[in-house]
1. What number of residues within segment 122-142 are open to solvent by 40 Å² or more (accessible area, probe 1.4 Å) and touching a helix residue (DSSP H, G or I) at 6+ places or on another chain (Cβ under 8 Å)?
2. Of the conditions (1) open to solvent by 50 Å² or more (accessible area, probe 1.4 Å); (2) over 25 Å from residue 154 (Cβ atoms), residue 225 clears all except one; give me its number.
3. With respect to residue 110, determine if the residue is buried (at least 17 other Cβ atoms within 10 Å of the Cβ) and free of Cβ contacts under 8 Å to residues at least 24 places away in the same chain.
4. Hey, does segment 80-92 have a residue that's closer than 25 Å to residue 199 by Cα and in contact with a strand residue (DSSP E or B) (Cβ under 7 Å, 6 or more places away or on another chain)?
5. Quick check on my filter: what residues within segment 53-68 are buried (at least 23 other Cβ atoms within 10 Å of the Cβ) and of a type in the set (Lys, Arg)?
6. Please determine, by comparing only the residues of segment 188-202 that are open to solvent by 10 Å² or more (accessible area, probe 1.4 Å) and touching a residue at least 24 places away in the same chain (Cβ under 8 Å), which one is farthest from residue 154 (Cα to Cα).
7. Does residue 77 meet the test of being open to solvent by less than 30 Å² (accessible area, probe 1.4 Å) and under 16 Å from residue 8 (Cβ atoms)?
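The values are calculated or read from the model by the stated rules, or taken from the named source; none is laboratory data. Quick caveat: nothing in here was measured; it's all calculated off a predicted structure. Please note: Cβ atoms are built from the backbone with ideal geometry, for glycine as well, and neighbour counts cover all protein chains shown. Areas reflect the complete protein model, heavy atoms only, side chains present, ligands, DNA and RNA absent. Shrake-Rupley method; radii C 1.70, N 1.55, O 1.52, S 1.80 Å.
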Amino acid sequence: MSALPTSPILVATDLRKRYVAGEASVAALDGVSLTLAPGDFVALMGPSGCGKSTLLHLCGAMDRPSSGTIAFEGRDLASLNDDELTRVRRERIGFVFQFFNLLPTLTVADNIALPSLLGGARTADADARTREFADRVGIGHRLTHFPQQLSGGEMQRTAIARALAHGPALLIADEPTGNLDSENGRRVLALLSEINRELGITILLATHSVEVSDAAHRVVHMRDGVLVDLDARSAGVG
Ligand code: ADP
């Protein structure tokens, strides 16, 4: 029996994003199209300021494009109001940031449980998921600690557990190893590869690290708000 074709998780078409501040205006994205299939692991690379974070924010339903469309799991995000967009973000997407973004006044356990609780999970379910994912990322022995008592690697592993515990389909990570030493960076990368492989979670991440992009299935290069197809460019050279 042949496998049925799977629908993409995300289809972004001709995205443009212009930031306006007073007289100044910056075209952060200038016509970007990107499709993510279920189980994809895609690395975005490019110099600082080329638009990687902006693209991640739009794909993660954290912001809206100036023009262009994003279909997430078949739904046009432009058709959703702000509450519906928040629900998509809370229920279907997980985020990992370069500087971890843990809440300093909450324990590791409470940080991990927060997205599930905000999404309406029962406390017992959120607790069970917290323990499961804390163990998976190797932080289960630190559940009652506060973020400032953790190393950078432990903070990022906590952030990964927080991003996963509510059961997202898509994980978005903005330079997840950018603030870690190489050993902790490798551990975080191994964890991301494992959750992609074993849980089938689609990953879209921005990185400057060749080691990270080597682990991805696909590398997308950006420059000045557009995707640059290196293969096509080099094909045109010879
Ligand atoms: P990258 O993640 O590749 O470093 P960004 O997406 O952060 O790039 O930024 C792309 C461009 O948009 C840059 O010129 C940046 O200064 C500008 N930019 C990003 N966010 C804002 C904002 N909130 N307001 C104004 N300009 C912004």
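1. From segment 122-142, those open to solvent by 40 Å² or more (accessible area, probe 1.4 Å) are 122-125, 127-129, 131-132, 135-136, 141-142; that's our starting set.
Right, trim to touching a helix residue (DSSP H, G or I) at 6+ places or on another chain (Cβ under 8 Å) and you get 123, 125, 127, 129, 131, 136, 142.
The total comes to 7.
2. For residue 225, the exception is condition (1).
3. Details: buried (at least 17 other Cβ atoms within 10 Å of the Cβ): yes; free of Cβ contacts under 8 Å to residues at least 24 places away in the same chain: yes.
Taking the combined requirement at face value, the residue satisfies it.
4. Within segment 80-92, the first condition is being closer than 25 Å to residue 199 by Cα, and the residues that meet it are 85-92.
After this cut, where a residue has to be in contact with a strand residue (DSSP E or B) (Cβ under 7 Å, 6 or more places away or on another chain) as well, the list is 88, 92.
Scanning segment 80-92 turns up at least one residue that is closer than 25 Å to residue 199 by Cα and in contact with a strand residue (DSSP E or B) (Cβ under 7 Å, 6 or more places away or on another chain).
5. Within segment 53-68, none qualify.
6. Filtering segment 188-202 down to residues open to solvent by 10 Å² or more (accessible area, probe 1.4 Å) leaves 189-191, 193-194, 196-201.
Within this subset, residues satisfying the condition of being touching a residue at least 24 places away in the same chain (Cβ under 8 Å) are 189, 191, 193, 196, 199-201.
Values: 189: 13, 191: 12, 193: 17, 196: 20, 199: 21, 200: 23, 201: 21 Å.
The residue in question is 200.
7. Numbers: open to solvent by less than 30 Å² (accessible area, probe 1.4 Å): yes; under 16 Å from residue 8 (Cβ atoms): yes.
Yes: the conditions hold for residue 77.
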